[in-house]
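Student: Could you have a look at this structure, given as structure tokens, before my questions?
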Amino acid sequence: MMMNFKDFFKQKMVRFFAILFAIMIIIGNLGFYIIAKVQFDREVNRQNSAFVAMVSHLLSMENTETTLVYLEHYDHTHGVRIAFWNEFNELLFESDDAPISVQSISLYDSDQQYLGKVTIDNQSSFFGQDISFGLIIYNGLTLILFFVGLWILKNHLDKQYSLLKHDMDSVGSEDNTFTFSDIESVNERYIKALNTEMELKAIQSHYVKVLAHDIKTPLTVMKAYIEGMQSKRLEYNQEIENVLLEEILEIEKLVPQFIATELNQLAIKQNITPIIKNHLEKLTSVFKTKSIELEYDLEDFELQIASADVVRLIEHLTFNAFYYSNSKTIIKVSINAKNKTISVQDQGIGMSQDTIDKLNVGPYRNEDSIKFHQKGSGIGLQIVKDIMHKYHGCIRIESTLGSGSTVTLEF
């Protein structure tokens with residue numbers, strides 16, 4: 001069953017609030033009951049002790065009639081159930097409601113002479129009723145506060161939902177102000193993605209126009225030759241045949257570019273950090289095969305470059321570091337946006353200055369590198385240099401034999 005965000009949000013919040021309230025009610029009632037029970041027991045013991053002492057005093061110092069008057073008075077003023085038996089076990093007084101399952105208390109004078117017994121049932125006492133009434137009032141007030149809280153929560157959720165709906169409706173607009181910073185951040189990324197898409201479409205359209213123009217040129221040449229031969233101004237010969245074949249080959253070279261035009265091959269202004277981070281995460285498992293730890297410190301870096309070229313640069317540099325590093329070492333990739341540099345640092349076998357000078361001339365592998373890693377042609381670094389040249393950048397190599405190398409791309 002489908003549910004809109006408003007209903008879902010309200011259900012979750014009300015359910016959470018109700019469960020929290022129920023837990024608080026249970027804990028509150030439990031605490032109230034424990035405190036009231038302790039207080040009730042203390043007060044009952046105090047009153048019973050005073051009552052027994054007074055009855056014993058009246059029986060020993062006064063007479064039975066006075067004692068009975070006191071018992072009746074105590075019954076009415078305290079709301080307890082009382083029964084009294086004299087020393088001959090004769091029932092002389094009992095409340096309108098007889099005590100229920102209460103243990104009797106024996107009465108003695110100061111000389112420890114038996115005077116009779118009494119039973120007191122405090123369950124229906126005015127003090128107990130006050131505590132019960134207090135518990136009812138407590139739960140009633142709590143329920144009122146709960147419903148007031150629900151009403152306040154509903155109004156608050158309605159207000160917040162209105163603000164949220166306004167923010168959601170404003171996504172895609174650059175000029176609106178947002179209440180929620182998260183949605184504002186999403187909107188900024190969305191606007192940036194839309195602008196990037198428009199830019200990509202413009203670049204792709206321009207690219208197609210350039211290719212169309214490039215194809216038009218050989219077609220124009222072929223058309224001129226064919227029209228010349230149709231009008232008898234030109235005679236078909238080997239030279240014309242060669243020109244036509246050359247133009248056909250030129251078209252054949254251009255047609256695949258129409259078919260295989262991929263946006264990641266086009267240079268656009270973009271933040272290259274997510275591309276690099278995503279590719280490094282894919283390489284982590286490969287590097288673990290040599291127990292090499294791959295670390296990276298990547299600042300956001302915007303650059304006019306094709307995504308595919310970013311991947312090629314990082315892949316060649318990190319794999320070169322991987323091939324020529326011992327196990328249980330660290331390879332670190334860093335981006336310095338301020339200096340516009342990307343660097344790959346390893347703890348591998350390193351290179352001499354002579355080797356670096358030869359690498360700057362063209363593909364080269366010395367004997368140490370061949371012994372350490374037999375495969376390879378040394379062309380990987382040359383590809384990196386070609387890509388950097390395309391974007392008017394340069395490559396800088398710093399290395400120490402036996403300690404490792406740092407390759408820095410400067411844009």
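The values are calculated or read from the model by the stated rules, or taken from the named source; none is laboratory data. Keep in mind that what you see is a predicted model, and the values were worked out from it rather than measured. Note that we place each Cβ from the backbone using ideal geometry, even for glycine, and neighbour counts take in every protein chain shown.
Student: Would you pick out the residues in segment 119-144 that are β-branched (Val, Ile, Thr), closer than 21 Å to residue 37 by Cβ and outside any strand (DSSP E or B)? If you could, list the steps in order and put the result at the bottom.
Tutor: Going residue by residue through segment 119-144, those that are β-branched (Val, Ile, Thr) are 119-120, 131, 136-137, 142, 144.
After this cut, where a residue has to be closer than 21 Å to residue 37 by Cβ as well, the list is 120, 131, 136-137, 142.
Answer for segment 119-144, where residues must be β-branched (Val, Ile, Thr), closer than 21 Å to residue 37 by Cβ and outside any strand (DSSP E or B): 131, 136, 137, 142.
Student: Given the criteria of a type in the set (Ser, Thr, Tyr) and either over 60 Å from the mean Cα position of the chain (by Cα) or farther than 30 Å from residue 147 by Cβ (or both), does residue 33 qualify?
Tutor: Numbers: of a type in the set (Ser, Thr, Tyr): yes; either over 60 Å from the mean Cα position of the chain (by Cα) or farther than 30 Å from residue 147 by Cβ (or both): no.
For residue 33, the condition - of a type in the set (Ser, Thr, Tyr) and either over 60 Å from the mean Cα position of the chain (by Cα) or farther than 30 Å from residue 147 by Cβ (or both) - is not met.
Student: Looking only at residues in segment 287-298 that are surrounded by fewer than 12 Cβ atoms within 10 Å (Cβ to Cβ) and touching a strand residue (DSSP E or B) at 6+ places or on another chain (Cβ under 8 Å), which one is farthest from residue 331 (Cα to Cα)? Spell out the reasoning first.
Tutor: Residues of segment 287-298 surrounded by fewer than 12 Cβ atoms within 10 Å (Cβ to Cβ): 288-289, 291, 295, 297.
Subsequent filtering for residues that are touching a strand residue (DSSP E or B) at 6+ places or on another chain (Cβ under 8 Å) retains 295, 297.
Values: 295: 6, 297: 11 Å.
Here the answer is 297.
Student: Among the residues that make up segment 211-219, is at least one of them at pLDDT 75 or above and either closer than 30 Å to residue 305 by Cα or of a type outside the set (Gly, Ala, Ser) (or both)? Step through it out loud before you land on a result.
Tutor: From segment 211-219, those at pLDDT 75 or above are 219; that's our starting set.
Going one step further and asking which of them are either closer than 30 Å to residue 305 by Cα or of a type outside the set (Gly, Ala, Ser) (or both), we end up with 219.
Yes.
Student: Could you look through segment 300-339, keep only residues that are assigned to a helix (DSSP H, G or I) and among the acidic types (Asp, Glu), and pick out the one that is nearest to residue 405 (Cα to Cα)? Give the steps one after another, and end with the answer.
Tutor: Of all residues in segment 300-339, those assigned to a helix (DSSP H, G or I) come to 307-323.
Remaining after also requiring among the acidic types (Asp, Glu): 309, 315.
Numbers: 309: 22, 315: 16 Å.
Taking the candidates together, the pick is 315.
Student: Another question about this same structure. Identify all residues within segment 338-354 that are surrounded by fewer than 16 Cβ atoms within 10 Å (Cβ to Cβ) and under 35 Å from the mean Cα position of the chain (by Cα); write none if there are none. Spell out the reasoning first.
Tutor: Of the residues in segment 338-354, the ones surrounded by fewer than 16 Cβ atoms within 10 Å (Cβ to Cβ) are 338-340, 352-354.
Result: 338, 339, 340.
Student: What about residue 116, is it within 30 Å of residue 49 (Cβ to Cβ) and part of a helix (DSSP H, G or I)? Outline the logic, then answer.
Tutor: Values: within 30 Å of residue 49 (Cβ to Cβ): yes; part of a helix (DSSP H, G or I): no.
No.
Student: Additional query: So, in segment 304-339, of the ones that are charged (D, E, K, R) and more than 16 Å from residue 387 (Cα to Cα), which residue ends up modelled with the lowest pLDDT? Walk me through it before giving the result.
Tutor: In the first step, residues of segment 304-339 are kept if they are charged (D, E, K, R); the result is 309, 312, 315, 328, 332, 338.
Now restrict to residues that are more than 16 Å from residue 387 (Cα to Cα): 328, 332, 338.
Details: 328: 89, 332: 94, 338: 92.
For segment 304-339, the residue satisfying everything is 328.
Student: Which count do you get for residues in segment 161-173 that are in contact with a helix residue (DSSP H, G or I) (Cβ under 9 Å, 6 or more places away or on another chain) and surrounded by 14 or more Cβ atoms within 10 Å (Cβ to Cβ)?
Tutor: Pass one, segment 161-173, residues in contact with a helix residue (DSSP H, G or I) (Cβ under 9 Å, 6 or more places away or on another chain): 161, 164-165, 167-168, 170-173.
Okay, now just the ones that are also surrounded by 14 or more Cβ atoms within 10 Å (Cβ to Cβ), so 161, 164, 167-168, 170-171.
Going through segment 161-173 one residue at a time, the tally reaches 6.
Student: Based on this model, can you work out whether residue 80 counts as surrounded by 13 or more Cβ atoms within 10 Å (Cβ to Cβ) and either out of contact with any helix residue (DSSP H, G or I) (no Cβ under 9 Å at 6 or more places or on another chain) or closer than 21 Å to residue 124 by Cα (or both)?
Tutor: On the way: surrounded by 13 or more Cβ atoms within 10 Å (Cβ to Cβ): yes; either out of contact with any helix residue (DSSP H, G or I) (no Cβ under 9 Å at 6 or more places or on another chain) or closer than 21 Å to residue 124 by Cα (or both): yes.
Yes, satisfied.
Student: Could you list, in sequence order, all residues of segment 340-355 that are under 18 Å from residue 389 (Cβ atoms) and not in a loop (DSSP other than H, G, I, E, B)?
Tutor: First, the residues of segment 340-355 that are under 18 Å from residue 389 (Cβ atoms): 340-342.
341, 342 - these are the residues of segment 340-355 that are under 18 Å from residue 389 (Cβ atoms) and not in a loop (DSSP other than H, G, I, E, B).
Student: Restricting to segment 375-400, and then to whatever is within 16 Å of residue 351 (Cα to Cα) and at pLDDT 85 or above, can you tell me which residue is surrounded by the most Cβ atoms within 10 Å (Cβ to Cβ)?
Tutor: 399
Student: Can I ask one more? Would you check if residue 364 is modelled with pLDDT under 70 and either touching a Ser or Thr at 6+ places or on another chain (Cβ under 9 Å) or closer than 18 Å to residue 312 by Cα (or both)?
Tutor: Working: modelled with pLDDT under 70: yes; either touching a Ser or Thr at 6+ places or on another chain (Cβ under 9 Å) or closer than 18 Å to residue 312 by Cα (or both): yes.
Answer is yes for this residue.
Student: Do we find a residue being part of a helix (DSSP H, G or I), in contact with a Ser or Thr (Cβ under 8 Å, 6 or more places away or on another chain) and modelled with pLDDT of 80 or more anywhere in segment 145-163? Explain how you work it out, then say what you get.
Tutor: Of all residues in segment 145-163, those part of a helix (DSSP H, G or I) come to 145-163.
Then drop every residue that is not in contact with a Ser or Thr (Cβ under 8 Å, 6 or more places away or on another chain), which leaves 163.
Still in the list and also modelled with pLDDT of 80 or more: 163.
Looking through segment 145-163, at least one residue is part of a helix (DSSP H, G or I), in contact with a Ser or Thr (Cβ under 8 Å, 6 or more places away or on another chain) and modelled with pLDDT of 80 or more.
Student: Can you tell me which residues in segment 234-286 are loosely packed, with under 15 Cβ neighbours inside 10 Å, modelled with pLDDT under 75 and not hydrophobic (A, V, I, L, M, F, W, C)?
Tutor: Result: 253, 256, 261, 262, 264, 265, 285.
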